[in-house]
Amino acid sequence: MAKIVCVLYDDPVDGYPKTYPRDDIPKINAYPDGQTTPRPKGIDFKPGELLGSVSGELGLRRFLENAGHTFVVTSDKDGKDSRLDKELPDAEIVISQPFWPAYMTAERFAKAPKLKLVVTAGIGSDHTDLQAAMDRGVTVAEVTYCNSISVSEHIVMMILSLVRNYIPSYQWVVRGGWNIADCVTRSYDIEGMHIGTVAAGRIGLAALRRLKPFDVKLHYTDRHRLPAGVEKELDLTFHPNVESMVRVCDVVTINCPLHPETENMFNAQLISKMKRGAYIVNTARGKICDPNAIAQALESGQLAGYAGDVWFPQPAPKDHPWRSMPHHGMTPHISGTSLSAQARYAAGVREILECWFDKRPIRNEYLIVDGGKLAGAGAHSYSAGNATRGSEEAARFKTS
Ligand code: NDP
């Protein structure tokens, strides 16, 4: 029987919810590429419940304990004496979410000699040292597509919020004001703007599709080109590299995975090549942008706005420059963990665990590392190496 350690974010400050604003969520059966949504043999939760926090337990406790496994759920993941570190020596499976990532560094792999499977309840396994997983023969899997559409909706919201200056205008109302001129001196329409995505994978392409009806001019750069039919349908301009794209865009949205090739991509040099007053929306990963370069560009006016939900490390220390820089629309990491998305990734984790315990193959689309090498979705979109350096800084959230 296995010991499974699951790291989830804390419950709401007012306690685990007893009621929800809505009674149901739409049932989604398949994703735009035809792949079916997760199909576990059963689920022990009601879709629409809070599953991603500690008391939600991803709805897994009954399933795992009925099968005789030990299931430990904690939010205590940072610092040397964390509960996660204490549980690692006999853990066979670690489950964690990108929103509140259990950084699985090489040091943590060394503390977990029995570890065989690391599951990301969501998408993006950069919080796991993939090189260490490959070296140790540990399988890494994530729930590909589970929240890609959730994030694409968030991107459209953030682009409109920044360009139309929504958040400061809302704040004038809360403060009792009617300061129209203050609100609109930074407010524009996106109609006619050039909007580009770094990567046109599941999220990037879904964002492009959702932006098309706004009569904007769409651009993308990616390692692989989209089919000619898609380029034509969306009237896309392809750029062979990110520099070429950012020079002409009013808004850039970042939708590539974090891996050694993309780490620190948006540094001072690249930002200086953007149009003055451009906006960046980054819901991919914090480490793709240099935090100080972003803050300085907002202060100088080189960037007119920056929004996103991804930071490094997570949780971000209280003195992280993105909390206090001007013209930002940052939230905690939430875009992929709406209640709708949670139902899909909780079911996806259950499907992965059922396959693992039944010794059936995990869907190829869910694999990131397997058999000592990048596999499945990982082989397509990641590069070998490690992107967890500096993650020990997450412990500063408690003390900063
Ligand atoms: P996909 O794998 O479908 O798409 C990723 C795309 O990035 C692929 O098209 C890939 O190219 C491309 N890519 C990889 N490296 C580069 C590079 N160096 N330059 C340009 N393009 C590159 O993943 P998703 O769209 O589903 O997710 C993307 C990322 O979004 C995740 O890895 C994760 O980090 C983040 N995410 C954030 C969430 C949130 O809650 N904020 C939730 C879910 C995901 P190709 O395959 O053609 O080689």
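The table that follows gives values for the structure above.
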quantity: Local net charge near residue 19, Cβ-Cβ under 14 Å (Lys/Arg +1, Asp/Glu -1); calculated: -1
quantity: D_trans [Stokes-Einstein, Kirkwood Rh over alpha-carbon pairs] for segment 163-205, 4 °C, 1.567 mPa s, µm² s⁻¹; calculated: 103
quantity: Bins of 10 Å from zero: percent of alpha-carbon pairs in segment 99-177; calculated: 16, 30, 20, 18, 12, 4
quantity: Most to least packed among 285-294, 206-215 [average Cβ atoms within 10 Å]; calculated: 285-294, 206-215
quantity: Reciprocal mean inverse distance between Cα atoms of segment 265-332 - Kirkwood radius, Å; calculated: 11.7
quantity: Prolate/oblate/rounded label for segment 1-57 (Cα gyration tensor, a/c 1.5); calculated: oblate
quantity: Sequence-separation-based contact order of the chain, relative, with Cα cut under 8 Å and 6+ spacing, percent; calculated: 20
quantity: Lysines whose Cα lies under 28 Å from that of residue 41, excluding same-chain neighbours fewer than 8 positions away; calculated: 3, 18, 27, 114, 116, 359
quantity: Charge context of residue 30, other residues only, Cβ under 12 angstrom, K/R +1, D/E -1; calculated: +2
quantity: Gained length - residue 50 relative to residue 166, 0.36 nm times residue gap less alpha-carbon distance; calculated: 39.0 nm
quantity: Karplus-derived HN-Hα couplings along segment 210-221 (A = 6.51, B = -1.76, C = 1.60, θ = phi - 60°), whole Hz, x at Gly and Pro; calculated: 6, 7, 3, x, 7, 6, 9, 9, 9, 10, 8, 9
quantity: Anchor residue 217: lysines whose Cα lies under 28 Å away (excluding residues fewer than 8 positions away in-chain); calculated: 232, 273, 275, 287
quantity: HN-Hα J in Hz across segment 326-332 - Karplus 6.51, -1.76, 1.60, θ = phi - 60°, x for Gly and Pro; calculated: x, 6, 10, x, 7, 10, x
quantity: Order of 352, 271 under a 10 Å beta carbon neighbour criterion, fewest first; calculated: 271, 352
quantity: For residue 253, distant residues with modelled amide H under 5 Å away; calculated: 196, 197, 198, 281
quantity: Residues whose placed amide H lies under 5 Å from that of residue 264, excluding near-sequence neighbours; calculated: 288, 289
quantity: Under 16 Å from residue 80, Cα to Cα: lysines that are on another chain or at least 8 residues apart; calculated: 111, 398
quantity: Per-selection Kirkwood Rh - the chain (Cα, Å, 1 d.p.); calculated: 21.8
quantity: Built amide H within the under 5 Å cut-off of residue 278, gap 5+; calculated: 304
quantity: Mean separation of Cα contacts under 8 Å, 6 or more apart, over the residue count of segment 132-209: relative contact order %; calculated: 38
quantity: Hz values of 3J(HN,Hα) by residue in segment 42-53 - Karplus curve (6.51, -1.76, 1.60), Gly and Pro given as x; calculated: x, 9, 10, 8, 9, x, x, 7, 6, 10, x, 9
quantity: Packing-based order for 339-351, 217-229, 86-98, using average beta carbon neighbours within 10 Å, highest first; calculated: 339-351, 86-98, 217-229
quantity: Peptides 62-73, 311-322, 27-38 ordered by average Cβ neighbours within 10 Å, highest first; calculated: 311-322, 62-73, 27-38
quantity: Value of [θ]222 nm, deg cm²/dmol, for the chain, DSSP H segments ≥ 4, -39500 (n - 2.57) each, nearest 500; calculated: -8500 deg cm²/dmol
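Quick note: the coordinates plus some simple rules give every number you see, no bench work behind them. These numbers come from a predicted model, not from an experiment. Every residue, glycine among them, receives a Cβ derived from its backbone with ideal geometry; neighbour counts consider all protein chains shown.
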